[in-house]
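J.: Can you read through this structure? Questions will come right after.
Computed from the coordinates by the stated procedures, all read-outs in this text should not be read as laboratory data. Being a predicted model, the structure only gives us computed values, none of them experimental. Please note: Cβ atoms are built from the backbone with ideal geometry, for glycine as well, and neighbour counts cover all protein chains shown.
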Amino acid sequence: MAKGARKPTSKFGARLEPFMRVKMVLRAGRGDLYTVTGVETVQQFARLRETAAGLDWAARCCDAISRLLDGPDAHPFAYNLLANSLAAVDADQSLAGKGAQVSYRLKLLVAAGLQPCLDSCATCGSAGPLIAFSGAAGGVVCPSCEADSFPIRASALDWLLAALAAPVAQSPPGGDVELRMAERCVNETVEHHANIRLRPAAAR
């Protein structure tokens, strides 16, 4: 709760705009409610907040992290991932698309302890061929273990591996089919192992 934040004379109201990175001084109140008593701006992300695409991209990032890691525990890796991702789009608006969004969510699975198995069959450990993805199994699967899975192209698997290894700012290019498959891999992993559903990633 930020008392008086909407008043023109507020000393910290403007620092509480959406998608700003700040340091806050909080006073504990009743239950889970805290009162903001001081705010210091760390990063404004002003360019990100100037366009609808940037705002939408940032909103989806924050929504994903709040759904997947809701709770009082600290998650430094996820926090740094979010801050770095917002900074990347603030510096380069062309990143505010589906590829970087899916790449971000894939890394978020790592932060949540839900990283999918992508280099061998998630069920039997076989090296391949890897022809499908199973959210229930937690990764790619071979022909002998493809029950409850959906087919995945080799190009989509290559994209997932490249995205996992690169920063969000260097997300690999991918076609519509590859990105749709990659997003489905992320979504089915989250639905099966965290029992939540994420909002769709950016349209393109």
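J.: Gain in length, residue 17 to residue 120, computed as 0.36 nm per residue apart minus the alpha-carbon separation, to one decimal in nm?
T.: Details: separation 103, 0.36 × 103 = 37.08 nm, distance 4.44 nm.
Full extension from residue 17 to residue 120 adds 32.6 nm.
J.: Which ³J(HN,Hα) values, rounded to whole Hz and listed in residue order, are derived for the stretch 71-78 from phi using the Karplus coefficients 6.51, -1.76 and 1.60 in 6.51 cos²θ - 1.76 cosθ + 1.60 with θ = phi - 60°, glycine and proline given as x?
T.: Ordered by residue, 3J(HN,Hα) equals x, x, 6, 6, 9, x, 4, 5 Hz.
J.: Please grab the % of Cα pairs in the chain that end up more than 28 Å from each other.
T.: On the way: 7203 of 20706 pairs.
Value for the chain: 35 percent of Cα pairs lie more than 28 Å apart.
J.: Here is a follow-up. What is the order of 39, 186, 22, 89, fewest Cβ neighbours within 10 Å to most?
T.: Values: 39 21, 186 24, 22 16, 89 27.
Fewest to most other Cβ atoms nearby, the residues stand as 22, 39, 186, 89.
J.: Under the Karplus relation 6.51 cos²θ - 1.76 cosθ + 1.60, θ = phi - 60°, what is the ordered set of whole-Hz ³J(HN,Hα) values for the stretch 136-151, x standing for Gly and Pro?
T.: Calculated HN-Hα couplings, in order: 5, 6, x, x, 6, 9, 8, x, 6, 10, 7, 4, 6, 9, 10, x Hz.
J.: Rounded to a whole number, what is D in µm²/s for the stretch 110-169 from Stokes-Einstein with the Kirkwood radius over alpha-carbon pairs (4 °C, 1.567 mPa s)? Could you put the intermediate results ahead of the total?
T.: Numbers: Rh = 11.7 Å.
Result for D is 111 µm²/s.
J.: Per-residue HN-Hα couplings for the stretch 49-63, Karplus 6.51 cos²θ - 1.76 cosθ + 1.60 at θ = phi - 60°, whole Hz, x for Gly and Pro?
T.: 8, 8, 10, 5, 5, x, 5, 5, 4, 5, 4, 5, 4, 5, 5
J.: Packing-wise, with mean Cβ within 10 Å as the measure, how do 127-139, 102-114 rank, highest first?
T.: Numbers: 127-139: 18.8, 102-114: 21.2.
Put in order of decreasing packing, that is 102-114, 127-139.
J.: Quick check: Cα centre of the stretch 42-59 to Cα centre of the stretch 105-149, how many Å?
T.: If you average the Cα positions of each part, the centres end up 34 Å apart.
J.: Long-range amide H contacts for residue 39: which residues qualify at under 5 Å (H placed 1.01 Å from N, peptide plane, sequence gap of 5 or more or a different chain)?
T.: Those qualifying (amide H under 5 Å, at least 5 residues apart or on another chain) are 25.
J.: Near residue 3, which lysines are there with a Cα under 29 Å away, not counting those fewer than 8 places off in the same chain?
T.: 11, 23
J.: Once amide H atoms are placed 1.01 Å from N in the peptide plane, what residues at a sequence separation of 5 or more from residue 132, or on another chain, have their amide H within under 5 Å of its amide H?
T.: Correct list: 141, 152.
J.: If you filter the stretch 3-32 for trypsin sites (Lys or Arg not before Pro), then keep DSSP loop positions with at most 12 other Cβ within 10 Å, what is left? Could the numbers behind the result be given before it?
T.: Details: sites: 3, 6, 11, 15, 21, 23, 27, 30; in loops: 3, 6, 11, 30.
Filter output for the stretch 3-32: 3, 6, 11, 30.
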